[in-house]
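Just so you know, all these numbers are worked out from the coordinates, no wet-lab data involved. Since this is a predicted model, take the numbers as computed values, not measurements. Positions of Cβ are backbone-derived with ideal geometry, glycine not excepted, and every protein chain shown enters the neighbour counts.
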Amino acid sequence: MNPSSLSERDQQVIWHPYTQHQQSEPPIPIVRGEAALLYDDAGNAYIDAISSWWVNIHGHAHPYIADKIYQQALALEHVIFTGFTHEPAVQLAERLLKILPGDFKKMFYSDNGSTAVEVALKMAIQYWRNKEQPKRNKILAFRHAYHGDTFGSMSVSGRGLFTDAFQDFLFDVLFIDTPDGENKDQLNAFIRSRADEIACFIYEPLLQAAGGMRIYEAAGLDALLKTAKENQILCIADEVLTGFGRTGTFFASASLTHTADIICLSKGITGGTMALGATACTGDIFDAFLSDDRKKTFFHGHSYTANPIACAAGLASLDLLQKRTCIEQIQVITKRNANFLKETLIKIDPDLIMNPRTIGTVLAFELKSNRHEYVNLVGSYIRQEAIKQGIYLRPLGNTVYIMPPYCISPVQLEKIHQFLLSLPRLIRKNEQG
Ligand SMILES: Cc1ncc(COP(=O)(O)O)c(C=O)c1O
């Protein structure tokens, strides 16, 4: 390796997220992006099949968003968001509140998905305290959920490898299974039996993403939301991933009859260009914080709350998302994934490709292996093989999935599908070797 290469300089000074540096390959230096492609310093192109950790929806370096960011940076790059306000923050809230599925009245900004969740949890807990019902202090969440990496968001996430080291520091949460068509009565009975203690119920609507791209049924979730609402439990929809078109509709909650009291947004909110989190709540929740008693204030804020450049990027991304072309792109990917699954993937090698499934622009399946230890390594093996073929994938253990930017071309999507079809052959060859 050239001693002055970016990879080598990186390895001297950088600690990467979710990376075991003792085993990992040197990172690939990316110098530019265009639409669904990323280019490295040697000119190699990679199709970004997972939208750079699920954030990028309109493609990389989109000129329309880039221009709006530039214009905003020239006018106002940042300003403290207490005592001051600005047009991009207000306009983005106005536009989002209009399209969010629910009766949301106020928007609270932060700067990533985990903080959007922290804000939601703190709002819900303090809501009950402000209402002088402090006994409502438990949180209900789904097993296998993933809500982020800060302590609050880790606490409400499924416990496992990611949270193990911190187990003693996580607060108690009531965990239930996701609805599966058979456990509805049992889950509803559990909620009713503990209702007096439960402040809020947090869920990823329809799709548990980092927990393994688990798709679950809308009707079952709706029934749980109904029970929660009948028992005054605040419902928190974590749409950090599912928001902005991922599951086919603008927001996954739009497929449900019962709407949330709080909704968490991030990732696609800026089209994947700037860090921004947003938590919207109903008027009832906001009103519970209005008081002459200072203790009822929501004491939460981040230095970059409602950063004007991020909000301007959010507005630009929303402009693109609401265009007919983008809505059609989402429909085309949804249809192509569904056809690919039904006509080819499901038949290719059922012994190896398990539980293929799709929702909106997401397609996933598990890879089976005869060699147990290999299951854990299969993800990194596939990632390396994909890179050789100009595709960026990042399986979750043995769960292989794709989640491309909406602007991906049919040819690029086909190339990813063909790669997925080649996996049984690759895996068998590797297991024999
Ligand atoms: C549903 C959900 N909530 C919250 C988060 C955390 O977001 P961030 O990584 O921006 O902190 C994620 C990230 O993957 C997520 O998928």
* **Distance in nm between pseudo-label sites at GLU132 and GLU230 (7 Å out along the Cβ direction from Cα)** => 2.9
* Structure fact -> Per residue, the convex hull enclosing the alpha carbons of the range 190-253 has a volume in Å³ of 91
* **Hits among lysines - C-alpha to C-alpha of LYS335 under 20 Å, sequence gap 8 or more where chains match** => LYS323, LYS347, LYS415
* Spin-label pair ASN339/LYS106, simplified geometry with 7 Å Cα→Cβ offset, distance in nm -> 4.9
* Asked: How high is the relative contact order of the chain, given as a whole-number percent (alpha carbon pairs under 8 Å, six or more residues apart)?
  -> 21
* Structure fact -> With only helices counted (DSSP H, runs n ≥ 4, each -39500 (n - 2.57)), the per-residue ellipticity at 222 nm for the chain, to the nearest 500, works out to -11500 deg cm²/dmol
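Given Cβ point charges of +1 (Lys, Arg) and -1 (Asp, Glu) and nothing else, what value in debye, to the nearest 20, does the dipole of the chain about its Cα centre take? Mind showing how you got there, number by number?
Working: 42 positive and 46 negative charges, 104 e Å.
In total the dipole reaches around 500 debye.
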* Structure fact -> Rounded to 0.05, the calculated FRET efficiency for the beta carbons of VAL173 and PHE84 at R₀ = 22 Å is 0.05
* Take the Cα atoms of the range 76-321, find their three principal axes, and give me the spread along each one in whole Å, biggest first. => 53, 44, 38
* Straight distance only, please: which aspartates and glutamates reach the Cα of LYS267 with their own Cα at less than 13 Å, same-chain residues fewer than 8 apart left out? => ASP111, ASP238, GLU239
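Taking the number of other C-beta atoms within 10 Å as the exposure measure, put THR82, THR259 in order starting with the fewest.
Ranked by crowding around the Cβ, least crowded first: THR82, THR259.
Looking at the range 292-356, what % of the alpha carbon pairs are farther apart than 13 Å?
On the way: 1614 of 2080 pairs.
Summing the P(r) of the range 292-356 above 13 Å gives 78 percent of all pairs.
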* To do: Let me know the whole percent of all Cα-Cα pairs from the range 257-304 that are separated by more than 12 Å.
  => 73
* Asked: Across 10 Å bins from the origin, how do the percents of Cα pairs in the chain run, short distances first?
  -> 4, 20, 30, 27, 14, 4, 0, 0
* Between PHE162 and ALA42, what length in nm is gained on full extension when 0.36 nm per residue of separation is reduced by their alpha carbon distance? -> 39.8 nm
* Segment VAL31-GLU182, extension gain: residue separation times 0.36 nm, minus the distance between their alpha carbons -> 49.3 nm
* Asked: Mind checking which lysines have their C-alpha under 19 Å from LYS429, skipping anything on the same chain fewer than 8 residues away?
  -> LYS368, LYS388
* Asked: Given charges of +1 on the Cβ of Lys and Arg and -1 on the Cβ of Asp and Glu, with all other atoms neutral, how large is the dipole of the range 76-321 about its Cα centre, in debye to the nearest 20?
  -> 300
* Asked: For the pair VAL411 and VAL13, how long in nm is the line joining their label points, each one 7 Å along Cα→Cβ?
  -> 3.9
